[in-house]
Amino acid sequence: MKHRPSWAFALAGLLTCEIAIARPVSYAGGWTVIEESDRQSSSALAHYTPSPKWSIGLRTEFNRDMDFAINSIHPTFLAKRWFGADYQGNLYFHGGIGSASGTHGNPLSDETAVYGGVMADWETRSLFVSYRNRYLDAGHFGDQFMQAVRAGFAPYEGDSGELHTWLMLEIDHRPEDQDAVTATPLVRFFKGPMLVELGYNLNVNQPLLNFTYRF
Amino acid sequence: MRIISTLIAVLAAALFAATTTAQEHHDHNQHEQQHDSMEMNHDHHDHAHHEQADQHHDGHAEASSQAVARLTRTDDIETALSEGGEPIVADVLGVVCDFCAIAMNKIFSKRDEVAAIYVDLDTKALSIVLAPGANLSDEMIADLAVQAGYRVAGIRRGNEALGNAS
């Protein structure tokens, strides 16, 4: 285990914490597709929300660093939503169980993979902070822990159906990686049912591309 | 690492500035609520077909920083009103983004009683016009909001929703 930079944890504590996935639970009867690509992996998730308290989906994740893929069932539970006239806060528990398989010539046999974690966010129409973490156990493919905090602001407040723009900074911490703590500035565009995030990891020179569409 | 430290400092400064602006906006709203008939002053809300006005404070604790909104008049809402539908305005807590608006639209639009709907993020208000002769109780509106993932803080109907109440 590498030495953990104290400032990163201080920041994590200060910024109540986030989600790369915007609203991982939808309205009752809603479908959502989410694509995420960060410095380590790319994933796709399609989920259905039977009730505004939880969603269930199928998720595929390609870990580019360790050459394996996970196909999993992915439930998310909304543990708590804080309402206010001008804000919303959420606490989610997410997890998954599925099969991990080698990719790009990785000779390891298939394994059961399980993962779980917490996501939390707080936002107004112009401020946003969030936190997320995940622990993954993929058998002989390895286990991983990651956590990330994100903070951002909207330079203007768009109304319903207009283009919403956010400027954000995400700090992620992956203790097993050579670059344990990295920073990714990003811009979020939000219009109607579609959300796109474009960013660039400054430490490992990897792009970030996230896409969400809500049906 | 120096780049990260710089970015964090810039972000912290931006957040502080945005928080200060939000607080000023909050104070401005509270001031406006003392004047029942003053028009709201949202620069980016100049759409000709949108009309919003402050009225009286409804006294709800959680909505204390929210101006009391009246019906937002979109083309669909004007059409539904002209056909004789009942106007309803519901203050909704937690509506801060377009996904929130979409959720409300999807849930309420499924109801045959609803002829037109608009979610105004500026006033955090749901504007509904019912189909002629249709009825949608306050309890049902609150339940539909819960299905969308949100909570209703107050409901006004008829002239009060239109802003014509004395």
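Each reported figure results from applying straightforward, stated rules to the coordinates on display, with no laboratory input. Keep in mind that this is a model prediction, so the values were computed, not measured. Neighbour counts are summed over all protein chains in view; Cβ atoms, including those assigned to glycine, are modelled from backbone coordinates with ideal geometry.
Every test in (1) within 20 Å of the chain's Cα centre (by Cα); (2) more than 28 Å from A:Gln206 (Cα to Cα) is passed by A:Ser109 save one, and that test is (1).
Of the residues making up the range A:84-110, those that are in a strand (DSSP E or B) and crowded, with 20+ Cβ neighbours inside 10 Å are A:Gln88, A:Asn90, A:Tyr92, A:His94, A:Gly96, A:Gly98, A:Ala100. Taking the criterion of being free of Cβ contacts under 8 Å to residues at least 24 places away in the same chain and more than 8 Å from chain B (Cβ to nearest Cβ), the only residue of the range A:156-185 that qualifies is A:Gln178.
Quick check on the range B:94-101. Is at least one of its residues over 22 Å from A:Ser126 (Cβ atoms) and surrounded by fewer than 24 Cβ atoms within 10 Å (Cβ to Cβ)? There is no residue in the range B:94-101 that is over 22 Å from A:Ser126 (Cβ atoms) and surrounded by fewer than 24 Cβ atoms within 10 Å (Cβ to Cβ).
Among the residues of the range A:117-171, the one identified as of a type in the set (S, T, N, Q), farther than 27 Å from A:Asn71 by Cβ and part of a strand (DSSP E or B) is A:Thr165. Scanning the range A:191-210 for residues that are among the polar types (S, T, N, Q), in a strand (DSSP E or B) and within 12 Å of chain B (Cβ to nearest Cβ) gives a single hit, A:Asn201.
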